[in-house]
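Remarks on the structure that follows.
Each value in this text was obtained by applying a stated rule to the coordinates, not by laboratory testing. These numbers come from a predicted model, not from an experiment. No Cβ is skipped: glycine too gets one built from the backbone with ideal geometry, and neighbour counts run over all protein chains shown.
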Amino acid sequence: MIDVYKQSRAERLKDTWLDNQDVMQTLHISKRTLQTFRDNGTLPYSKVGGTFYYKVSDIEHVLQNNYYNQNFKCDATK
């Protein structure tokens, strides 16, 4: 069994679920954009009753996969 007290706050947060409002505020997106993310499979979700929930780790995954920094230079020779 995982000792919750030995996990960092970031590790515990990844197992947290957010509702629509929290995700919209965190990502600064509209309700319609969030619906599009659900519809096209961009962001996995769970629905309980009429409420949608999203894992923090899934949100981080989407952000990481879409990360772009035009100033970042990678030396492919290393």
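See the values below:
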item	result
Cα-projected label distance for residue 29 with residue 68, points at 7 Å along beta-carbon direction, nm	1.5
Whole-number percent relative contact order across the stretch 15-64, with pairs defined as alpha carbons under 8 Å at least 6 apart	45
Length released on extending from residue 60 to residue 17, taking residue separation times 0.36 nm less the Cα-Cα span	14.3 nm
Rounded, prolate or oblate (a/c below 1.5 giving rounded, otherwise prolate when a/b exceeds b/c) for the stretch 15-64 by Cα gyration tensor	rounded
